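Q: I have a structure here, written as structure tokens, and I will follow up with some questions on it.
Nothing in this text is a laboratory measurement; each read-out follows from the coordinates by a stated rule. Bear in mind that the values here come from a model prediction, so they are computed numbers and not experimental data. Note that each Cβ is placed from the backbone with ideal geometry, even for glycine, and that neighbours are counted across all protein chains shown.
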Amino acid sequence: MNAPAWRIWIVAILMIGWGALTIRFATRQDWPMALLCAVLLISNGVTLYRLTKNGK
């Protein structure tokens, strides 16, 4: 897939944000929110993989 560079950057930044929120909620032992953030982190990881798997 030929994805525009801005979309790859946005997904990468979202992954960083969801990862940070996952760690924050996990350290506060707020497990439902930590699980939700982890699911969104994985979802964005899959999206990033699909955007970049073929290259340019």
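Q: With contacts defined as alpha carbon pairs under 8 Å and 6 or more residues apart, what's the relative contact order of the chain in percent?
A: That works out to 54 percent.
Q: Determine the calculated [θ] at 222 nm for the chain from helices alone, applying -39500 (n - 2.57) to every DSSP H run no shorter than 4 residues and normalising by the residue count; nearest 500 deg cm²/dmol.
A: Rounded to the nearest 500, it is -28000 deg cm²/dmol.
Q: Could you work out how far apart the two model spin labels at Met33 and Ala3 are, taking each label as a point 7 Å from the Cα in the direction of the beta carbon, and quote it in nm?
A: About 2.7 nm, to one decimal.
Q: Report, to the nearest 10°, how far helix 31-52 tilts away from the longest principal axis of the Cα atoms in the chain, using its own Cα long axis and a range of 0 to 90°.
A: 10
Q: For the stretch 5-52, how big is Rg over Rh, using alpha carbon atoms and the Kirkwood form of Rh?
A: 1.05
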